[in-house]
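Shown next, in structure tokens, is the structure this report addresses.
The values are calculated or read from the model by the stated rules, or taken from the named source; none is laboratory data. Only a predicted model underlies this, so the values are computations on that prediction, with no experimental measurement involved. For neighbour counting, all protein chains shown are included, and Cβ atoms are generated from backbone atoms with ideal geometry for every residue, glycine included. What goes into the accessible areas is simple: the full protein's heavy atoms, side chains included, and nothing from ligands, DNA or RNA. Shrake-Rupley method; radii C 1.70, N 1.55, O 1.52, S 1.80 Å.
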Amino acid sequence: MSWRRLLEPRFLLRVLRRLALRPRLRLALFTVLALAAVWIPLGQAGALNDFRDSHLLHSYEEAAARTVTEYGQLPLWTPWSCGGLFAWGNPQTRQASPTLLLSVLFGARRAEPLVLMLFLLLGMEGAFRYARLKAGNAVGALLVAPLFGLCGFGAQSWSLGWLYLLGFLLLPWVLWGTALAGRGRAIGAGAVALGFALMLGFGGTYPVPLAALLVGVEGGWALLTGPGPWRRRALALGTTAALTLGACVFRLWPIWETLQSGPRVMAGNPGHSLQKVAGMLFSFPGTGDKGGDGGLFFVGPGLVLLALPALLGRRSRFPVGMTVLCGWLATGYAAHPAPFAWLRALPIFETLRYPERFLFPCALFLAVTGAIGVGVLQVWLRRPRSPALTRWAPDLLGVVVLLCVVSGGAQVAAYARLAGRAPLVALPSRVDQPFAQARGNRWAQGHLLALNRGSISCGEGFPVPMSPRLSGALAQEEWLEAGAGTVRRTDWTPNRIELEVTASRPARLVVNQNWHPGWRSSIGEVGSAEGLLSVQLPAGTQPVTLRFLPRSALGGLAVSLLAILALGLLSRLSLGGFPALALAGVPLFGWALIALLWKEPAQPPVLTNPDRSPLRVETLPPGVKSIQARFESHLELVAAGVPSAPDARGEVPLELYWRVTGPVPRTVGIFVHLTGPGKRKSKDHALIGGTWFFHDAPRGVLLRDAFAVNPHDWEAGEWQVQVGLWHASGDGSRLVPLLPSGEAAEESRLVVGRFVVPPRP
């Protein structure tokens, strides 16, 4: 067969259509592309990614695999991190996902590239289905699906150990399912429910809220433009939403409880210029781990060329609009106006810090637009409107196919370059010894886990409820208070601790792990001993068994299984009818029943500064300077504590005492300027103690905002501390403070103290 025959339009279209419409051939093509993309990660399987985040995040998966294989338990509690925490309640863990089976079978480190390849396949197949549905063109969907699936962010997630962010590759599935559910198809409800459940189980700090936002937009579009009566569409989408909520309870319930006890609030005003955003999407990534942000979401400029013809068709209105919206959101606070700022004013979305992650859905909608563009070209080629177009039609189609092949090759090369940035070292040797807590290092967690040691140095993105009594230097991890007897450990697993206790009198048994309401004891009453797990025991010699059986995980798992059963029965009902909606409500009713009948105490929130000092104080401590300045918007700076010189560690601890007397705009933050010999430093922050915006802080109480600066490389001499308030996430203007005399402070700032930096040796 000649090359001219291979490039003949009808033959090309026939081959591409056959590849697109035959699932086995299509998946074989996607598998070859995925294998080429993950060739480097496959060769790295079994090595330790030495990047600090990978140490922290991978240790959860390693601990989960160990819990299943060595102890035969669900990985609910992990004692190896932060003094012990509820693993399913941590939004960043991926151990509540079916992919844990790969970690169990092959080992957590060796399973990682297999997980990456699996999600690449899911992403390409999902993009094909969604693009085909939106474009009505199987050939165009086949050509653009790999361009989305191989988006550079997946490789970047691999190299930094952020595998849980691969959940973004499930985004086309839930959008495809939403569009089908709006048309009354039960398979759409199943795709949405199972897609969100997998996304959430795999770790959904960013994929889940962003997907929920986009699914809401897709659902609104389906409600407005879908076929049939709008009431049936509304019932179908409502049924889908109820089933999705029920399928996700197994993870939503634990995460909700965790965020109640340790709210995760992100401040700052991240923003990117349009030039930088375009560079992330279309610049080929640089070499080395210092390659910069260029190409982090690489999809290649060829996709833009494919999308251009789509602008002439009606189908492109929705994907083009969503491409623009996601790109706009990706600019963060740099845009004016900034929709990202509006989004962060909503619950849950206030925890988002990286606006550039909206480029992942941006790439998806751009790919869908490209599929529509290919369809427009096909129409032109079938019905050319001029002799010139008739003559150039074969060449034009060949150029389109060649463009997709080149773009796909560039995608694979960019993917390999980004994946190659992972800093790899040899796995640490494992030491089999009884578990004990250690002081630890939050950025070397993989080494501690190999030693069977827990780290009480915590590096999580939310304030984990940790006891101040945790210790990494105890001779025994379990003891009776006040020397009331002896304790001997007879068996130990992550979720169960068996002890032989001899108490000379009623006493409290204490375990060197954090307390959580999910712990149960075979005898006595479980409680908190200043945050440590404890049990009040009677006198005598008795075996004591502590088990971790949290209501939110076990009850949530039952609710989610009930929702999956309801999904199976849904195929016999009309998705747009009231019987289907009633069926979808059964798991939610079961959830309410479990919460009502299974009582469990709530874990109180962590309200401390980063140095573990209390956020709320009753009175001012001695030695602080009285300020008594009043700001507009119902705020007072009552006092400040500034030492005269750095402490023994070389740091300067600073304290600001605030009082909120009324409503405060959410945009208000604190600026701290430190001026010295010819220079100025800053310690601006929007959160009090890393916990509250002024907008959310309690009213009428003293709030202690404690933080520190390290002047080890500053010029020697006297430095002045200036404090004020400004609209940090607004227009940047300052709030005017009034001194006790009633005068306005100069330049809307207050001098609260001075310290002296000594000469360097």
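Look at segment 611-634: where a residue is within 21 Å of S467 (Cβ to Cβ) and a partner is modelled with pLDDT of 90 or more and assigned to a loop (DSSP other than H, G, I, E, B), sitting 6+ places away or on another chain with Cβ atoms under 6 Å, you get R616/V701.
Would you confirm, using the coordinates I've provided, whether G321 is in contact with a helix residue (DSSP H, G or I) (Cβ under 9 Å, 6 or more places away or on another chain), surrounded by fewer than 16 Cβ atoms within 10 Å (Cβ to Cβ) and assigned to a loop (DSSP other than H, G, I, E, B)? Spelling it out, it is not the case that G321 is in contact with a helix residue (DSSP H, G or I) (Cβ under 9 Å, 6 or more places away or on another chain), surrounded by fewer than 16 Cβ atoms within 10 Å (Cβ to Cβ) and assigned to a loop (DSSP other than H, G, I, E, B).
Counting only residues that are part of a helix (DSSP H, G or I) and not hydrophobic (A, V, I, L, M, F, W, C), which one in segment 327-365 is most open to solvent (accessible area, probe 1.4 Å)? Talk me through it step by step, then tell me what you get.
Step one: filter segment 327-365 for residues part of a helix (DSSP H, G or I), giving 327-330, 339-343, 349-351, 355-365.
Cutting the leftovers down to not hydrophobic (A, V, I, L, M, F, W, C) gives us 327, 339, 350-351, 355-357, 361.
Values: G327: 15, P339: 13, E350: 50, T351: 22, P355: 0, E356: 33, R357: 12, P361: 1 Å².
Only one residue fits best here, namely E350.
Checking the structure you have, find out if any residue of segment 410-417 is outside any loop (DSSP other than H, G, I, E, B), open to solvent by 60 Å² or more (accessible area, probe 1.4 Å) and in contact (Cβ under 8 Å) with a residue 40 or more places away in the chain. Yes.
Just so you know, in segment 182-195 the residues that are open to solvent by less than 20 Å² (accessible area, probe 1.4 Å) and not aliphatic (A, V, I, L, M) include one that is nearest to G576 (Cα to Cα), and it is G182. Hey, among the residues in segment 688-708 that are among the β-branched types (V, I, T) and surrounded by 19 or more Cβ atoms within 10 Å (Cβ to Cβ), which one's modelled with the highest pLDDT? If we take residues in segment 688-708 being among the β-branched types (V, I, T) and surrounded by 19 or more Cβ atoms within 10 Å (Cβ to Cβ), then I688 is modelled with the highest pLDDT.
Cβ-Cβ contacts under 8 Å between residues 6 or more apart (or on different chains), taken from a first residue in segment 55-68 that is free of Cβ contacts under 8 Å to residues at least 24 places away in the same chain to a second residue that is open to solvent by 10 Å² or more (accessible area, probe 1.4 Å) and among the small types (G, A, S), are absent.
Please tell me if P428 is at pLDDT 85 or above, surrounded by fewer than 15 Cβ atoms within 10 Å (Cβ to Cβ) and in contact with a helix residue (DSSP H, G or I) (Cβ under 8 Å, 6 or more places away or on another chain). Show your work before the answer.
Values: at pLDDT 85 or above: yes; surrounded by fewer than 15 Cβ atoms within 10 Å (Cβ to Cβ): yes; in contact with a helix residue (DSSP H, G or I) (Cβ under 8 Å, 6 or more places away or on another chain): yes.
Against the criterion (at pLDDT 85 or above, surrounded by fewer than 15 Cβ atoms within 10 Å (Cβ to Cβ) and in contact with a helix residue (DSSP H, G or I) (Cβ under 8 Å, 6 or more places away or on another chain)), P428 qualifies.
Annotation note: of G167, G161, G182, the sole residue that is more than 14 Å from the chain's Cα centre (by Cα) and not hydrophobic (A, V, I, L, M, F, W, C) is G182. Assessment of segment 677-687 against the conditions (among the acidic types (D, E), out of contact with any helix residue (DSSP H, G or I) (no Cβ under 6 Å at 6 or more places or on another chain) and open to solvent by less than 40 Å² (accessible area, probe 1.4 Å)) yields no matching residue. So is L74 part of a loop (DSSP other than H, G, I, E, B) and open to solvent by 30 Å² or more (accessible area, probe 1.4 Å) or not? Criteria met by L74. Of the residues making up segment 540-560, those that are aliphatic (A, V, I, L, M) and either open to solvent by less than 50 Å² (accessible area, probe 1.4 Å) or not in a loop (DSSP other than H, G, I, E, B) (or both) are V544, L546, A553, L554, L557, A558, V559. Among the conditions (1) outside any helix (DSSP H, G or I); (2) in contact with a Ser or Thr (Cβ under 7 Å, 6 or more places away or on another chain); (3) open to solvent by 30 Å² or more (accessible area, probe 1.4 Å); (4) not acidic (D, E), the only one that G527 does not satisfy is (3).
Can you name the residue in segment 218-233 that is in contact with a helix residue (DSSP H, G or I) (Cβ under 7 Å, 6 or more places away or on another chain) and touching a residue at least 12 places away in the same chain (Cβ under 8 Å) and, of all such residues, is surrounded by the fewest Cβ atoms within 10 Å (Cβ to Cβ)? Ranking the candidates gives L223 first. In segment 712-728, the qualifying residues are those that are aliphatic (A, V, I, L, M) and in contact with a Pro (Cβ under 8 Å, 6 or more places away or on another chain), and the one that is surrounded by the most Cβ atoms within 10 Å (Cβ to Cβ) is L725. Taking residues in segment 322-336 that are within 11 Å of P361 (Cα to Cα) and without any contact (Cβ under 8 Å) to a residue 60 or more places away in the chain, and partners anywhere that are charged (D, E, K, R) and buried (at least 18 other Cβ atoms within 10 Å of the Cβ), the pairs with Cβ atoms closer than 8 Å and at least 6 places apart or on different chains are A330/E356; A330/R357.
Scanning segment 628-640 for residues that are under 17 Å from V752 (Cβ atoms) and either in contact with a Phe, Trp or Tyr (Cβ under 8 Å, 6 or more places away or on another chain) or open to solvent by 20 Å² or more (accessible area, probe 1.4 Å) (or both) gives Q628, R630, L635, E636, L637, V638, A639, A640.
Can you pull out the strands (runs of 3 or more DSSP E) entirely within segment 432-504 that have at least 2 residues that are of a type in the set (G, A, S) and crowded, with 19+ Cβ neighbours inside 10 Å? Please lay out each step first, then the result.
On the way: elements: 436-438, 453-455, 478-480, 485-492, 496-503.
Because the criterion is at least 2 residues that are of a type in the set (G, A, S) and crowded, with 19+ Cβ neighbours inside 10 Å, the strands (runs of 3 or more DSSP E) in segment 432-504 that meet it are 453-455.
Which ones in segment 14-46 are small (G, A, S) and in a helix (DSSP H, G or I)? A20, A28, A34, A36, A37, G43, listed by residue number. Taking segment 491-506 as the range and being of a type in the set (A, V, I, L, M, F, W, C) and modelled with pLDDT of 95 or more as the test, the residues that pass are W492, I497, L499, V501.
I497 passes every criterion in (1) closer than 21 Å to S81 by Cα; (2) more than 32 Å from the chain's Cα centre (by Cα); (3) in contact (Cβ under 8 Å) with a residue 40 or more places away in the chain apart from (2). Which residues, counting only those in segment 47-71, are over 16 Å from the mean Cα position of the chain (by Cα), assigned to a helix (DSSP H, G or I) and not aliphatic (A, V, I, L, M)? Selection gives R52, H55, S59, E62, R66, T67, T69, E70, Y71.
Quickly run through segment 725-752 and pick out the residues that are over 30 Å from R344 (Cα atoms) and in a loop (DSSP other than H, G, I, E, B).
Going through segment 725-752, the residues over 30 Å from R344 (Cα atoms) turn out to be 738-746, 751-752.
If the condition is that a residue be over 30 Å from R344 (Cα atoms) and in a loop (DSSP other than H, G, I, E, B), then L739, P740, S741, G742, E743, A745 are the ones that fit.
Counting the residues of segment 632-653 that are among the acidic types (D, E) and either touching a helix residue (DSSP H, G or I) at 6+ places or on another chain (Cβ under 9 Å) or part of a strand (DSSP E or B) (or both) gives 1.
Right, D731: open to solvent by 30 Å² or more (accessible area, probe 1.4 Å), touching a Lys or Arg at 6+ places or on another chain (Cβ under 9 Å) and not aromatic (F, W, Y) or not? So that I can check it myself, show each step before the final result.
Numbers: open to solvent by 30 Å² or more (accessible area, probe 1.4 Å): yes; touching a Lys or Arg at 6+ places or on another chain (Cβ under 9 Å): no; not aromatic (F, W, Y): yes.
The answer is no for D731.
Inclusion of R760 among residues that are within 33 Å of the chain's Cα centre (by Cα), assigned to a loop (DSSP other than H, G, I, E, B), surrounded by fewer than 20 Cβ atoms within 10 Å (Cβ to Cβ) and basic (K, R) is not warranted. Do we have V374 as buried (at least 24 other Cβ atoms within 10 Å of the Cβ) and at pLDDT 80 or above here? Answer is yes for this residue.
Within segment 164-181, the set of residues being hydroxyl-bearing (S, T, Y) and open to solvent by 10 Å² or more (accessible area, probe 1.4 Å) comprises just one member, Y164.
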